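First comes the structure, then the notes that go with it.
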Amino acid sequence: MGKTSSGELLQGTLPLLVLRILFAGPSHGFAIARRFRWFRRRFFAPKKSLYPALHKMELEGWIESEWGTTENNRQAKYYRLTASGRKQLKRETERWSSIAGAISAILMEA
């Protein structure tokens, strides 16, 4: 997968990626953003800010947050996946796999 022509994330990708990152375990916002910087350099740059997306996902019940202390002894909000978030991750992964499979099939016909 390469960068889109405008370098932006495809619609709906940001929540899927955040849920997948949190599937590995709780993480604070800066650590999630650090993962996105790596991803952005390789594939594309999110146009949307991470923090509003985290807030929306929290309102949806897909993630929970609590304040904690980072490894640098700073206060940070830590996010973790909920049971509802794990179900959403499964749905989104299946949806994106289906889309990717369909696109791949079309490309292979060409």
- Ranked packing of 90-96, 74-80, most packed first, by mean Cβ within 10 Å: 74-80, 90-96
- Query: R0 = 30 Å: FRET efficiency of Phe23 with Ala105, Cβ-based, nearest 0.05?
  - Reply: 0.65
- Note on the structure: Residue separation between Ser84 and Ser97 times 0.36 nm, minus their alpha-carbon distance, gives in nm 2.7 nm
- Of the listed peptides 98-105, 12-19, 64-71, 25-32, what is their order by residue-averaged count of other C-beta atoms within 10 Å, with the highest listed first? 12-19, 25-32, 64-71, 98-105
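Here, each number is a calculation from the coordinates, and none is a lab measurement. What you are looking at is a predicted structure, and each value in this text was computed from that prediction instead of being measured. Note: ideal-geometry Cβ built from the backbone for every residue, glycine included; neighbour counts use all protein chains shown.
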